[in-house]
Structures are given as C-alpha cells and as structure tokens.
Amino acid sequence: MTRLTPIIVLLFFASVPWWLTDQYLLHTLITTGIFILAAMSLNLLLGYTGQLSLGHVAFFGIGAYTSALTALGFDVELFGLFRVVHEPWPPVLGLLFGTLVAALCGFVIGKLSFRVRGAYFVIVTISFAEVTRLVSLNWVELTQGPLALPGIPPLTIGFPGLGYMTLWEKTENYYVVLAFIVLAYILIKRLVNSRFGRAMIALKGNESLATSVGIDVTRYLVIAAIVSAGMAGCAGALYAHYIQIIDPMIFMFLNTVTMVIMVITGGKGTLAGPLVGGLIFGLAPVVLRSYVGPEIQWILYGLLMIVVVFVLPQGIVPAIEQWFNRTKAEPLREPSVAGKGERA
Amino acid sequence: MNAPVAATAALERPVALSIEHVAVHFGGLVAISDLHFTVGEGELVSLIGPNGAGKTTAFNVITGFLRPTKGKVVYRGTPLTGLKPHEVTKLGLVRTFQRTSVFDSCTVFENVLMGLHRRVHIGLVATILALPSSTRAEAELREQAWDILRLVGIEHRASELGGSLPYGEQRLLGVALALATNPSALLLDEPVSGMNPTETGNFVRLLAKIRERGTTILLVEHDMPMVMGISDRVVVLNNGRLIAEGPPSVVQNDPEVIRAYLGQGAKSA
C-alpha cells in the first residue's frame with residue numbers, strides 16, 4: 001500500500017455529502033462511522049495487546065450516558081442522604097466527560113482484571129457490561145430507565161471569537177464523525193509505532209520474553225485499556241448527541257458483537273482493519289434491506305461473515321496486503337533506517 | 001555432601017551477584033536443595049551440570065520468574081526477593097532463554113526496538129502529539145538498534161521476520177534483545193546449543209566483545225570445550241545441589257564432577 005492510500009480514501013469520504021442525495025444512507029454512514037470509531041478502540045486492545053473485551057459496549061454506553069447527563073443535567077438523591085443537582089452544561093463538555101469517565105472505567109477494569117488475563121479478562125468485561133446495563137435500567141431517577149433519556153442536545157462546536165455551530169444537519173455530523181475517525185486513526189498509528197505499541201505487541205507475541213527485556217506487562221495493558229475505553233466512550237458520546245435519545249438498549253451485547261465482527265473481519269492488529277470491516281458490516285444490513293426481506297437479510301449477513309472468516313482468517317486488510325506485496329514482487333529491500341518498524 | 005572447592009578465595013573482584021543458600025521446591029520435588037555461589041563484577045562464570053540438575057531453575061529464580069522456597073539472591077547489594085522479572089531487568093540483570101525466544105511475527109529490527117524499551121523514555125502524551133522530543137528519541141532508538149545489530153552481526157537480516165531466521169541467527173537475535181536492555185550482567189541459557197562449530201566460534205568472539213564492555217556473564221551451557229575455554233570459573237550442579245566450584249582446570253579433574261557426568265560406573269571402569 002502506498003502512502004497516498006489513506007489520503008485518497010479520506011478525500012473520497014470527504015466528498016460523499018456532495019453527491020450522496022439519500023439522507024437515510026448518509027445517516028447510516030454516520031452511525032457506521034461512530035461504530036467504526038468504537039471498533040478502532042476495540043482493535044487497540046484485541047489486535048495489539050491480544051486481550052478480548054467482550055464488554056466493550058459498556059465503555060460506549062458509559063460515554064453516551066455521561067455525555068447525555070452532563071448536557072441534560074440531573075437531580076438525584078444519593079443513599080437517601082443528600083441530593084446531587086447538576087445544571088445542564090454545554091454538550092462539548094459532555095463529550096469530554098464521557099471520554100474521561102469511560103477512560104477511568106477502563107483504568108479500573110484494567111487494574112482489576114489484568115493480573116489474571118485471557119479468559120478472565122473476557123469474563124470481567126462481559127460482567128461489567130451487564131452491570132452497567134442493569135444500572136442504566138434500574139437507576140430510574142438518574143437514567144429514566146427504560147423510558148430513555150430524550151432530548152439530548154446536539155453538539156455545538158466552535159472557538160471563542162470564531163463563532164459557534166450547532167450540529168443540526170446530517171452533513172455537519174458526518175464531517176464531525178469523519179474528523180474523529182481521522183484523529184483516532186492518527187492517535188492509534190502514533191501509539192502502535194512508538195515504544196508503547198511495541199510493548200503491547202511484544203507482550204502479545206511472547207510475554208515472558210517481553211518481561212525479561214524489562215517491559216512492565218500489566219502497565220502497558222492498563223494503558224491500552226485506558227486509551228481504548230476512552231475512545232469508545234467518545235464514540236458513545238458522539239452517538240448520544242447525534243441520535244439525541246438513548247436508552248439501556250445501548251448496552252446490548254449485540255453492539256459488542258458488531259464491534260468484534262468489524263475488527264476480526266477487517267483484520268485485527270492492522271490500522272485499516274476496523275475501517276474496512278466496519279464499512280462492510282455497518283452498511284451491509286442497510287444495503288441488503290433494500291433487496292431482500294428482513295429474515296433473509298440477517299441470514300445473508302451471517303453468511304457474509306462466515307465466508308470472510310473462512311476464506312480470509314487473518315482478515316480482509318492483511319489478505320489485501322499480502323496479495324499486493326506478491327503481485328508487486330518487491331525486490332529485496334536494502335535495510336535502511338527509514339520505514340523500518342512501520343506497521344501498515 | 002562434599003564441600004565445594006574453596007575457589008572463592010581466589011576471587012579478587014567485587015561480588016556482583018550472590019546466590020545465597022537458595023532452595024526451590026515444587027511441591028514435594030526438590031529442584032534445588034541448596035545453591036550458594038557468587039559471581040564477581042565482569043567475571044564469566046559457567047553453571048554446568050547434567051540435564052535436570054536445576055540450572056534453568058536457578059536462572060528462573062535469579063531473574064524473578066520463580067520465587068525461591070528458601071534463601072535469597074542479591075545483585076549489587078539489592079535483594080531480588082519478590083521482584084518481578086521486569087524489575088530485575090531494571091537493575092541490569094538480564095537473561096536469554098533456553099529455547100529460541102524471539103518475537104516471531106516482528107522483523108529483526110522491530111525485535112531489537114522492543115529490547116530497547118527501557119533505554120529511552122518517551123511519555124504517552126508526547127508520543128500521541130508527536131512532539132519533537134519524541135521524534136528525536138525515536139530516531140535515537142533506531143540508531144541504537146542498528147548498533148546492536150552490527151555488534152551481534154545480523155544487520156543484513158534487519159527486515160526479515162524474527163521467526164524466519166535460521167536457528168543460529170535466532171539465538172543471536174535473542175542475545176541482541178538482551179543486549180538491547182544495556183545489561184550490566186547477562187545470563188545466557190545454552191546460547192550455542194544447536195549451533196555448528198563455526199557459529200559457536202563466532203559466538204565466542206561475540207562474548208569476548210560483550211565482556212570488553214565490563215559486562216558480567218553467567219552462562220549455562222553443555223558445550224564443554226567452549227565452557228572450559230572461556231570461563232573464569234565453573235560452578236557444577238547435580239541433583240539440585242552444588243558439587244564443585246572453581247577454575248576450569250580444577251573442576252575438570254574433580255572426581256565428583258566426572259562421576260556426575262559419566263555415571264557411577266565410570267569410577268570403577
């Protein structure tokens with residue numbers, strides 16, 4: 001893949017609102033984009049450190065609820081002792097707090113569960129997601145439970161002196177989501193190509209060797225969990241302000257599964273994997289819906305996933321890379337400092 | 001128990017690493033019953049013994065992978081009891097592994113970069129923002145990685161995957177990884193096993209280069225000509241206890257050692 005590929009892809013997606021007239025499709029692109037953001041965060045944990053978080057939707061949902069409640073304000077009684085009253089704040093602060101609170105949860109979950117890894121981490125994350133779902137369902141005073149939190153204000157962005165813009169239109173939301181994906185992509189790229197990323201890849205590859213060269217495995221797993229959870233929380237916050245209504249259904253296990261499918265089919269441990277997998281499996285239901293009935297649609301979705309996993313077990317992106325390298329028949333590269341250690 | 005040969009008296013170097021009456025039990029199995037020896041600064045000591053004598057267990061105890069049941073290990077005045085492997089590495093005591101141990105799916109160059117983990121500290125925020133300080137530090141790391149590859153002599157393999165290297169070069173890469181941490185003491189677990197004589201010869205020259213830097217070396221090895229040729233002192237383990245200790249010439253002729261290696265019958269033969 002050339003250096004230009006990401007820029008060409010970005011230009012293409014930046015041009016979409018100019019020629020796409022179907023507002024529903026644009027809406028699907030926005031929600032898919034938000035899920036891609038969450039899948040990218042999951043990829044940091046699953047693809048680079050090898051830890052599977054099956055409760056990733058918890059961080060997404062926490063980000064959504066935190067941001068929504070920051071923007072809407074709340075008035076709750078704690079333990080029947082004292083009241084906590086919060087006046088509505090600007091949605092941008094909600095986005096910030098949603099990210100921070102989710103990152104904090106990532107820190108706690110990481111600290112708690114990375115002493116025993118692998119299957120235990122999977123179980124802890126599933127349980128955590130279920131607990132957060134139950135809290136959102138039952139703490140009616142705060143979350144209104146199954147009645148949902150309606151009327152979440154859309155994001156207002158801008159700088160003092162430059163003016164402000166409230167994101168009422170789909171096109172505006174589309175560009176904001178696109179910008180967040182670009183930011184997340186750059187962040188993850190820099191992270192995995194640094195000593196942080198190398199430590200993560202090292203502990204996934206050979207843990208005892210990693211510790212013996214002085215890598216504090218737990219520390220880097222926790223760092224990955226914090227960044228990953230924060231990013232998922234940010235995606236959740238974007239979702240809340242775009243959809244403008246959230247309910248406990250946001251914590252559905254299906255949402256985690258969707259993220260995992262996006263990462264695995266696209267290619268875990270690659271930068272572009274969640275983008276490719278996310279686009280395919282985010283848009284597939286909508287595209288299929290216009291041709292076949294709802295029952296057939298999900299059967300085809302499942303078949304598509306099975307075919308991808310069977311034919312390309314490493315994922316779509318690694319397969320394309322291999323094919324690209326083979327057809328190009330790259331000559332033996334003279335070892336040069338530049339370009340070493342880059343992970344496409 | 002035969003008293004260990006009193007070779008410690010010949011030791012003029014300050015003590016770098018001391019293993020003090022270490023015992024390791026796995027349930028009822030005694031892997032090491034009582035191990036007591038020291039390694040001086042800059043010294044090359046070989047730990048030998050038949051298979052199952054407890055050599056690798058000793059390595060695991062020294063580097064924090066195992067906790068001793070009794071006794072303690074002290075490196076440069078710091079007791080290592082309870083330290084995790086990465087904390088032992090921080091003190092400058094670094095090991096290689098018996099079986100080839102490299103990051104298979106990363107390039108040789110990336111492998112060494114991973115080994116350089118502790119050399120340069122770049123903050124998380126500086127990394128994400130790609131501050132000039134982090135870019136500079138990263139460039140410096142790459143420079144150091146080349147130096148280490150050249151020292152070990154596998155720079156022509158830099159862009160190949162660690163797992164695709166021939167066996168001998170994988171072992172060299174394992175040593176490169178350990179060297180990347182800038183160790184003051186290096187523990188090598190059977191570094192030349194599976195190497196041909198030429199490769200072994202090259203490895204001995206590499207060891208000499210490493211020693212020139214003042215690095216202390218503790219070696220576990222079965223290649224006796226090599227061990228006897230390069231060691232300052234040899235420590236012999238059998239059945240989890242120390243049976244001899246001293247310069248190669250003394251240990252080679254120790255009857256207890258000969259019996260351990262050749263078996264009981266050799267004495268009467």
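Since every read-out is calculated from the coordinates, none of them should be taken as a lab result. Predicted model only: the values in this text are computed from it and were never measured. Every residue, glycine among them, receives a Cβ derived from its backbone with ideal geometry; neighbour counts consider all protein chains shown.
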**OP:** Hey, can you tell me all the residues within region A:210-232 that are within 12 Å of chain B (Cβ to nearest Cβ), under 18 Å from A:T125 (Cβ atoms) and either of a type in the set (G, A, S) or within 11 Å of the chain's Cα centre (by Cα) (or both)?
**Re:** A:A224, A:V227, A:G230, A:M231
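It is to be established whether one or more residues within region B:199-209 are within 14 Å of chain A (Cβ to nearest Cβ), more than 28 Å from B:N253 (Cα to Cα) and in a helix (DSSP H, G or I). Let's see the steps before the verdict.
Residues of region B:199-209 that are within 14 Å of chain A (Cβ to nearest Cβ), as a first pass: none.
Checked against the condition, which is being within 14 Å of chain A (Cβ to nearest Cβ), more than 28 Å from B:N253 (Cα to Cα) and in a helix (DSSP H, G or I), region B:199-209 yields no hits at all.
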**OP:** Only residues that are buried (at least 22 other Cβ atoms within 10 Å of the Cβ), closer than 30 Å to B:E41 by Cβ, out of contact with any His (no Cβ under 9 Å at 6 or more places or on another chain) and of a type in the set (G, A, S): list them for region B:151-186, please.
**Re:** B:G174, B:A176, B:A178, B:A185
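On the basis of being more than 12 Å from chain B (Cβ to nearest Cβ), touching a helix residue (DSSP H, G or I) at 6+ places or on another chain (Cβ under 7 Å) and assigned to a helix (DSSP H, G or I), does A:A235 make the cut?
Numbers: more than 12 Å from chain B (Cβ to nearest Cβ): yes; touching a helix residue (DSSP H, G or I) at 6+ places or on another chain (Cβ under 7 Å): yes; assigned to a helix (DSSP H, G or I): yes.
For A:A235, the condition - more than 12 Å from chain B (Cβ to nearest Cβ), touching a helix residue (DSSP H, G or I) at 6+ places or on another chain (Cβ under 7 Å) and assigned to a helix (DSSP H, G or I) - is met.
State all residues of region B:127-139 that are assigned to a helix (DSSP H, G or I) and more than 19 Å from A:I215 (Cα to Cα); if no residue qualifies, say none. So that I can check it myself, show each step before the final result.
Just the residues of region B:127-139 that are assigned to a helix (DSSP H, G or I), to begin with: B:127-128, B:132-139.
Result: B:I128, B:P132, B:S133, B:T135, B:R136, B:A139.
Yes/no matrix, rows are residues, columns are (1) in contact with a Pro (Cβ under 8 Å, 6 or more places away or on another chain); (2) free of Cβ contacts under 8 Å to residues at least 60 places away in the same chain; (3) more than 8 Å from chain A (Cβ to nearest Cβ):
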{"position": "B:P50", "(1), (2), (3)": "no, no, yes"}
{"position": "B:V61", "(1), (2), (3)": "yes, yes, yes"}
{"position": "B:P79", "(1), (2), (3)": "no, yes, yes"}
{"position": "B:R99", "(1), (2), (3)": "no, yes, yes"}
{"position": "B:V125", "(1), (2), (3)": "no, yes, yes"}
{"position": "B:L141", "(1), (2), (3)": "no, yes, no"}
{"position": "B:H156", "(1), (2), (3)": "yes, yes, no"}
{"position": "B:L161", "(1), (2), (3)": "no, yes, yes"}
**OP:** Go through A:G161, A:G214 for me and flag whichever is crowded, with 20+ Cβ neighbours inside 10 Å, assigned to a loop (DSSP other than H, G, I, E, B) and on the phi > 0 side of the Ramachandran plot.
**Re:** A:G214
Original post:
With (1) surrounded by fewer than 22 Cβ atoms within 10 Å (Cβ to Cβ); (2) in a strand (DSSP E or B) as the list, and B:V94 as the residue in question, which single condition is left unmet?
Top reply: (1)
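If you go through region A:147-155 one residue at a time, do you hit one that is in a helix (DSSP H, G or I) and more than 14 Å from chain B (Cβ to nearest Cβ)?
Of region A:147-155, the ones in a helix (DSSP H, G or I) are A:147.
Pick out the ones that are also more than 14 Å from chain B (Cβ to nearest Cβ) and you get A:147.
Scanning region A:147-155 turns up at least one residue that is in a helix (DSSP H, G or I) and more than 14 Å from chain B (Cβ to nearest Cβ).
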Original post:
Somewhere in region B:106-114, is a residue more than 11 Å from every other protein chain (Cβ to nearest Cβ) and not in a helix (DSSP H, G or I)?
Top reply: no
Subject >> Filter pass, B:V94 being in contact (Cβ under 8 Å) with a residue 24 or more places away in the chain and away from chain A (no Cβ under 14 Å) >> reply: no
